[in-house]
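Here's the structure, in structure tokens; my notes come after.
The values are calculated or read from the model by the stated rules, or taken from the named source; none is laboratory data. Remember, it's a predicted structure, so these values are computed and weren't measured experimentally. Because the Cβ atoms are built from the backbone with ideal geometry, glycine has one as well, and the counts that use them run over all protein chains shown.
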């Protein structure tokens, strides 16, 4: 499963990095005379309602998906790890405050909260990144907090504290590293969620704005032709499904490697 996930994600990343440069067609160029053309040797994925090459747009849209996924995961994981470590290590009022903020954010469905935030701030890629980060850090914070609560009672942590090690050193050198494997697994699954979130917001017109290619906007544009030109929605939909499936395979494989007991218990 891990190898399959690496293969799928690797191919998708390769397509995002070099695919648009190798494609003979500009994602924004139009051939209105051939609009809604079915897949052919020249256009393997066909053309959309404006005569644009769907393969070129799928490859260009992969860049948006990976950009959103990486950015949201890096910012959310960094913020969540920091706040979760502080809450778990210090406890008391600090833990109560951070935990209540987490509970409040978890009380709302994530996608609905993202829709509300982007609707208030305005549709743009920057606001999509902000909204997905706001709903994304809480999972990392809860995960790291639980790991820190366990790790702070280890003997070597007590020994470091007795030897006069500073709190930042204890956190960064002795406690947080114990949570990194779990954070890495969470990050792969969180990236899949961020990609779905961006596609959903773009589908609703709240994310990436035309003419910039995005898998979500491509799905929205193809809705009107679902019966007479299903390839408009088929290929971007498959791209989303395969990439998310690959990331989930990758996350499950990493979890099994890091914690073999999770695989044995299933």
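Test residue 21 against the stated conditions and say whether it is in a helix (DSSP H, G or I) and modelled with pLDDT of 90 or more.
On the way: in a helix (DSSP H, G or I): yes; modelled with pLDDT of 90 or more: no.
No: the conditions fail for residue 21.
Name every residue in the range 72-87 that is touching a residue at least 40 places away in the same chain (Cβ under 8 Å) and either more than 26 Å from the chain's Cα centre (by Cα) or surrounded by fewer than 18 Cβ atoms within 10 Å (Cβ to Cβ) (or both), in order of residue number.
Residues satisfying the conditions are 75, 79.
Only one of these conditions is not met by residue 36: (1) surrounded by 20 or more Cβ atoms within 10 Å (Cβ to Cβ); (2) in contact with a strand residue (DSSP E or B) (Cβ under 9 Å, 6 or more places away or on another chain); (3) in contact (Cβ under 8 Å) with a residue 40 or more places away in the chain. Which number is it?
Unmet for residue 36, out of (1) surrounded by 20 or more Cβ atoms within 10 Å (Cβ to Cβ); (2) in contact with a strand residue (DSSP E or B) (Cβ under 9 Å, 6 or more places away or on another chain); (3) in contact (Cβ under 8 Å) with a residue 40 or more places away in the chain: (1).
Residues to consider are 64, 54; find the one that is crowded, with 21+ Cβ neighbours inside 10 Å and farther than 30 Å from residue 186 by Cα.
Numbers: 64 fails: farther than 30 Å from residue 186 by Cα.
Checking each option against the conditions leaves just 54.
What's the total number of residues in the range 66-102 that are out of contact with any helix residue (DSSP H, G or I) (no Cβ under 8 Å at 6 or more places or on another chain) and under 9 Å from residue 141 (Cα atoms)?
1
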